[in-house]
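Please read the structure below before turning to the comments.
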Amino acid sequence: MTTSTVSSALAGLTAEFGEPGSRFVFGCDYNPEQWDRSVWEEDVRLMVEAGITLVAINIFGWAQIEPRPGEFEFTALDEIIELLHQAGIGVNLGTGTASPPPWLSSRHPEILPMSQDGLRAWPGGRQAYCPSSPVFRAAAERLATEVASRYGAHPAVQLWHVSNELGCHNALCYCDVSAAAFREWLQKRYGTLQTLNDAWGTTFWSQRYGAWEEILPPRRTLSSGNPAQALDFSRFSSDEVLECYRVEERVLRRLSDVPVTTNFMVTSHIRTQDYWQWTPFVDLVANDHYLDHRLPVPHQELSFAADATRGLAEGEPWLLMEQSTGAVNWQPRNIAKQPGELLRNTFAHVARGADGICFFQWRASAQGTEKFHSALLPHAGTDSHKWREVLELSGALRSVREVLGTEVVADVAVIFSWEAWWATDLDSHPSEEVRYLEQVHAVYRALWEAGITVDMVAPGSDLAGYRMVVVPSLYLVRDAEAKVVSDYVAAGGAAVVTFFSGVVNEDDRVRLGGYPGAFAELLGVRTDEFFPLPHDEVVTLDSGATATLWTERIENTTSRTVAAFLDGPLPGEPAVTVNRFGAGSAWYIATALDPEHLRDVLERAADAAGVTTAETAPGVESVLRRGPDADYLFFINHTHLPHTRAITGHELITDRPVTSLEIPAGAVRVVRTRRTEN
Ligand code: GLA
């Protein structure tokens, strides 16, 4: 994906409705097959009323459009596309392959995915297929070919939506077909068995392989399995799901010029896809995001996901393909949105680079497992709070359309790695409580509270433009990736690295000679032993901080101690250090600091590095998007109190000039000001 392709793909989506880039994509999933034809016209009329510009259809259409193998029935789809087209609404056309119909799995039960214990999943839900299944892939390719041939040049079709949330339920399959595909993948990766044995450390526990056929996916074992095998299986599984996408993508590119994408799941509870590997194959980055009420502060995770999605888009505008207007149906308790929360959630995505906002789904289902999932049009109909909120949201997006195409300003990068996530969360580690995403989130939340906007970047990314880089718990890192951080600091940059980083290479092999391995020289520390803390133990530091989870015995080789432990297993030993390295400096946080003090250390490092921080008030999110002629400051007040800010400019949502801006409790404001910097 090149950046120009992304912009033109998004501009293409909006071109129908005015000048390119002049209107927000405002869209939704629509499942007309769940409704009588009589409802469709009303739906389209209400979509126009709500200002909907893009509608995703045929996402789960397979059983309708191919009711029997090889027999295609497109009348209903033709009709709905035509209705939308006549109304001036663009179509985000699903290839329809998201869920195989019963005829496929009953004829070919071998496509059903298998768990680690060898249990086959039954059909009856969705996505019940093994990603490596040649039978499934051939059936999906045939359907995509039919759909692309029929609609590839239809003027209503503005975007291809390949399948749906690929790998959401079925990413990890342990069947024999997967086993054979895994072996093939390993042969490509390692070439020889000797190399594989070496990479996997199979001298341990008599695991040496003498033939490729002996290798299996990491099925359920009695004891812990081989961690390098598990890590490779995660990589393989991500690649296999990506290949399912690519099978269809190739068809679409052959038969149509319309941009191609699929909906990613950059979210807290799904980690099976390494999306850094996916982005070369999508024309625009699209993400699905739902607030996760199992997390401490769900809206901060929303901001994290939005920043990570922008990272995948390399800073270019991206599309929020799905969010909800209210409760979902798949959490233990499905919490409804408070008044104003829909607006806040949406504008947090926009502030962080989304130039299109879409929803799951248009009309709340009356049947099926998602019938209690919120929608733009609720069960109650248009005489409802939800519908009025949707109209208000549509108007608010219209009022800020001049931000389209502008760039989010961030001078701090946070390194984020799906591979490190997989490796960190394997078993048999010093503490099962060190969970990768939790540590990334802890750092992210501290920066969010400090009013520091960050770019999430892949390990090995160019860091030159940033004033500071943060490396949270990057347990697995390649030598070359760690060197990028060291070179950046040597050239004058600032880095903050947190505990359990740099420990292993890409084979999950420990770097010998002292932790934190790949970062030891940069940080000027040498750790000879980890001392993880018992659950709930709290230690104190001489800085006044408390910490949990982790301590380690550090020797300052070239660094100096910023804070030391007062108690716990290592009283008097360093807990936070800083090191001059070349022309820059590198901080090491060797424990899980309490949120306030984590923020404190990050702020000190950021201050020293000259990072611009937004003037913050607790709970008021503030992000800057920069255009060629103006700056746009987004304020999202997550608190129950009004907040006032001295700022001169024009507020776009209320459309009035301001010198002192009041942001009412729970409200969103966007101020156009003069550009502050070139
Ligand atoms: C995902 C899927 C949708 C729907 C929503 C419900 O995002 O893509 O089909 O199931 O979840 O939240």
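The values are calculated or read from the model by the stated rules, or taken from the named source; none is laboratory data. No experiment lies behind these values; they were computed from the predicted model shown. Cβ sites come from the backbone with ideal geometry, for glycine too, and all protein chains shown count toward neighbours. Heads up: the accessible areas ignore ligands, DNA and RNA and are worked out on the full protein's heavy atoms, side chains in. Shrake-Rupley method; radii C 1.70, N 1.55, O 1.52, S 1.80 Å.
Could you give the distance between the Cα centres of the range 566-599 and the range 162-191, to the whole Å?
Result: 41 Å between the Cα centres.
Largest first, how would His535, His650 line up by accessible area (1.4 Å probe)? Before the final figure, lay out the partial values.
Details: His535 125, His650 45 Å².
Result of the area sort, largest leading: His535, His650.
Just from the alpha-carbon atoms, what are the Rg and Dmax of the range 412-609 in angstroms?
Computed over the Cα atoms of the range 412-609, radius of gyration and Dmax are 14.9, 41 Å.
Run through the DSSP bridge list for the chain and note the antiparallel percent, rounded to the nearest 5.
Details: 49 of 91 bridges.
Percentage antiparallel, nearest 5: 55.
Rounded to the nearest 0.05, what FRET efficiency do Ala87 and Arg401 have when you use their Cβ-Cβ distance and R0 = 22 Å?
The value I calculate is 0.60.
Once ligands and nucleic acids are excluded and a 1.4 Å probe is used, how much of Lys483 is accessible, expressed in Å² to the nearest 10?
Surface open to solvent at Lys483 totals about 120 Å².
Could you sort the peptides 195-204, 255-264, 220-229, 400-409 by per-residue average Cβ neighbour count (10 Å cutoff), highest mean leading? Don't skip to the answer; put the middle values down first.
Details: 195-204: 16.6, 255-264: 21.4, 220-229: 15.0, 400-409: 18.7.
Most protected by this proxy first, the peptides run 255-264, 400-409, 195-204, 220-229.
Using only protein heavy atoms and a 1.4 Å probe, report how much of Tyr515 is accessible, in Å² to the nearest 10.
60
What does the net charge come to around Arg511 if you take all other residues with beta carbon closer than 14 Å to its beta carbon, with K and R at +1 and D and E at -1? All intermediate terms of the calculation are to be shown ahead of the outcome.
Numbers: positive: Arg478, Lys483, Arg509, Arg526; negative: Asp479, Glu481, Glu506, Asp507, Asp508, Glu521, Asp528.
Net charge around Arg511: -3.
For the range 293-402, what is Rg from Cα atoms divided by 2.2 N^0.38 Å, rounded to two decimals?
Details: Rg = 14.3 Å, N = 110, 2.2 N^0.38 = 13.1 Å.
The range 293-402 yields a ratio of 1.09.
Assuming a ≥ b ≥ c are the square roots of the Cα gyration tensor eigenvalues, decide whether the range 41-129 counts as rounded (a/c under 1.5), prolate (otherwise, with a/b larger than b/c) or oblate.
Values: a/c = 4.02, a/b = 2.19, b/c = 1.83.
Here the range 41-129 falls in the prolate category.
Please arrange Asp288, Asp508 by accessible surface area, largest first, computed with a 1.4 Å probe and ligands excluded. Numbers along the way, then the final one.
Working: Asp288 5, Asp508 25 Å².
The residues order as Asp508, Asp288, largest area first.
Please work out how much accessible surface Glu49 shows to a 1.4 Å probe, ignoring ligands, DNA and RNA, in Å² rounded to 10.
So the heavy atoms of Glu49 present about 100 Å² to solvent.
Compare Glu110, Glu392 by solvent-accessible area with a 1.4 Å probe and give them largest first, with all protein chains kept in place.
Values: Glu110 75, Glu392 110 Å².
Ranking Glu110, Glu392 by accessible area, largest first, yields Glu392, Glu110.
Let a ≥ b ≥ c be the square roots of the eigenvalues of the Cα gyration tensor of the range 463-530; is it rounded (a/c under 1.5), or, if not, prolate (a/b larger than b/c) or oblate?
Prolate.
Carbon-plus-sulfur fraction of the accessible area of the range 412-609, 1.4 Å probe, in percent?
On the way: 3370 of 7170 Å².
Of the solvent-accessible surface of the range 412-609, carbon and sulfur hold 47 percent.
P(r) of the range 620-674 in 10 Å steps, Cα pairs, percent per bin?
That works out to 27, 59, 13, 1, in percent per bin.
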